[in-house]
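Undergrad: I am attaching a structure below and will ask some questions about it afterwards.
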Amino acid sequence: MIIDGAPFAVSVDGLDYAIDTSFRCGIRVARTLDHPILSDFAKVIVILANFFPDGVPDGCDSAEAFKACMSFHALEAQGSANKRKPKRVYDWDLDISMLVSDFQNEYRIDLTDSSLEMHWWRFWMLFEGLSNTSKTMTAIGYRSIRVDPKLSKEEQKRLRAMQKLYRLPPRNISEVDDFDG
């Protein structure tokens, strides 16, 4: 990205199509992907509408456009999007205040400034580059850690208490069993 710059289009069947590459579009797409109620079909429609605000261009295959957009969103080479669903460790609605605060504190970037323009890839690199002491990465760290049974009982208890403090509420019935109040 430093040498060639970030892309502003996706390639579908050998043709390049301009898309919305803003961080706001990226967040809307992430929220849509993470939505607990929308059907997969509805998600495809919403995601394409975000990347192509004026509609998918005539002659552009929607299914291939979706694949290309998802690869773009995942910062991957087109066509290599990872299909594995990772454990949910971040919520774009519940955690946004931490993220806004962390970007302001660490980068002096005001994500709430409506005039701010930032490419999704740059935003994501900055997101992943937040320090381990940031509120966002602290929450993600506790949500993703596996408590090693080899740790002392006190450390296991501390880690479980932090996991409980930072855990995300269940969004669907399959997550309720993992949530103990």
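Undergrad: Can you pull out the trypsin sites (Lys or Arg not before Pro) in region 96-163 that DSSP calls coil and that have at most 11 other Cβ atoms within 10 Å?
TA: Qualifying residues, ordered by number: Arg108, Arg146, Lys150.
Undergrad: Also: List the aspartates and glutamates whose alpha-carbon lies under 20 Å from that of Lys67, not counting same-chain residues fewer than 8 positions away?
TA: Straight-distance partners of Lys67: Asp13, Asp16, Asp20, Asp34, Asp40, Asp54, Asp58, Glu76.
Undergrad: Stretched out fully, how many nm does the piece from Asp58 to Asp40 gain, at 0.36 nm a residue minus the Cα gap?
TA: 4.2 nm
Undergrad: Could you go through region 128-135 in sequence order and give the Karplus-derived ³J(HN,Hα) for each residue, using 6.51 cos²θ - 1.76 cosθ + 1.60 with θ = phi - 60°, rounded to whole Hz, and x for Gly and Pro?
TA: Couplings: 5, x, 4, 5, 5, 8, 5, 4 Hz.
Undergrad: If you filter region 97-133 for GluC sites (Glu not before Pro), then keep DSSP loop positions with at most 13 other Cβ within 10 Å, what is left?
TA: Glu117
Undergrad: Extension gain Arg167-Ala49, at 0.36 nm per residue separation less the Cα-Cα distance, in nm?
TA: 39.3 nm
Undergrad: How high is the FRET efficiency between Arg108 and Asp16 when r is their beta carbon distance and R₀ equals 30 Å, given to the nearest 0.05?
TA: 0.30
Undergrad: Taking the Cα centre of each part, how many Å lie between region 105-174 and region 38-63?
TA: Rounded to whole Å, the Cα centres lie 30 Å apart.
None of the figures in this text is laboratory data; all of them are computed from the coordinates on show. Since the model is a prediction, treat every value here as computed from it, not as a measurement. No Cβ is skipped: glycine too gets one built from the backbone with ideal geometry, and neighbour counts run over all protein chains shown.
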